[in-house]
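Engineer: First the structure, then my questions, so here it is.
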Amino acid sequence: MADAKVGKICHYYNNIGVAVLEVTDNPIAVGDTIKITDKNGEEKFTQTVESMQMEHKNINEASKGDAVGIKVDQPVAEGDLTYRV
C-alpha cells in the first residue's frame, strides 16, 4: 500500500518539539504512523502520532484544511512533507 500524503509542516517549535502540520490531502488520527520527508522526498524519520492539538485542545483526528500541532521525535523544518504509512 502506498503512503498517503497528509500535508506539510508550516512551523516548528524547537523548544517544545512540536510541529504545526497543515493538513492538505488526507486525514490524520492519533495512533497513525507517519513519515516525515524533506522537500526533496528524502525520509527524515517515522513515528506514531501520540497526541494532536488544535487551538490548544486535544483532538483525535484532523481533516483536510485543519492546522494541528503534533509532538515530533526529531526536529523538522518548514516545508517538510508528512505521509501516513
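The values are calculated or read from the model by the stated rules, or taken from the named source; none is laboratory data. Because the structure is predicted, anything quoted here is derived from the model rather than measured. Here the Cβ positions follow ideal geometry from the backbone for every residue, glycine too, while neighbour counts run over all protein chains shown.
Engineer: Just name the residue that is surrounded by the most Cβ atoms within 10 Å (Cβ to Cβ) out of those in region 27-53 that are under 13 Å from Leu81 (Cα atoms) and under 11 Å from the mean Cα position of the chain (by Cα).
Structural biologist: Among those that are under 13 Å from Leu81 (Cα atoms) and under 11 Å from the mean Cα position of the chain (by Cα), it is Ile36.
Engineer: If you go through region 9-19 one residue at a time, how many are under 19 Å from Lys64 (Cβ atoms) and surrounded by fewer than 17 Cβ atoms within 10 Å (Cβ to Cβ)?
Structural biologist: Counting residues in region 9-19 that are under 19 Å from Lys64 (Cβ atoms) and surrounded by fewer than 17 Cβ atoms within 10 Å (Cβ to Cβ) gives 2.
Engineer: Of (1) free of Cβ contacts under 8 Å to residues at least 12 places away in the same chain; (2) part of a loop (DSSP other than H, G, I, E, B); (3) in contact with a strand residue (DSSP E or B) (Cβ under 9 Å, 6 or more places away or on another chain), Gly65 satisfies all except one. Which?
Structural biologist: Tallying (1) free of Cβ contacts under 8 Å to residues at least 12 places away in the same chain; (2) part of a loop (DSSP other than H, G, I, E, B); (3) in contact with a strand residue (DSSP E or B) (Cβ under 9 Å, 6 or more places away or on another chain), Gly65 fails exactly one: (1).
Engineer: Wholly within region 1-47, which strands (runs of 3 or more DSSP E) include no fewer than the required count, namely at least 1 residues that are farther than 15 Å from Gln74 by Cα and modelled with pLDDT of 95 or more?
Structural biologist: 4-13, 18-23
Engineer: Do we have any residue at all in region 54-62 that's out of contact with any Lys or Arg (no Cβ under 9 Å at 6 or more places or on another chain), within 10 Å of Val6 (Cβ to Cβ), at pLDDT 95 or above and hydrophobic (A, V, I, L, M, F, W, C)?
Structural biologist: Within region 54-62 (the criterion being out of contact with any Lys or Arg (no Cβ under 9 Å at 6 or more places or on another chain), within 10 Å of Val6 (Cβ to Cβ), at pLDDT 95 or above and hydrophobic (A, V, I, L, M, F, W, C)), the answer is yes, since at least one residue qualifies.
Engineer: Output the residues belonging to region 74-85 that are more than 11 Å from the chain's Cα centre (by Cα) and within 11 Å of Lys35 (Cα to Cα).
Structural biologist: Val85
Engineer: What is the residue count in region 48-61 for residues that are among the charged types (D, E, K, R), touching a residue at least 12 places away in the same chain (Cβ under 8 Å) and in a loop (DSSP other than H, G, I, E, B)?
Structural biologist: Adding up the residues that qualify gives 1.
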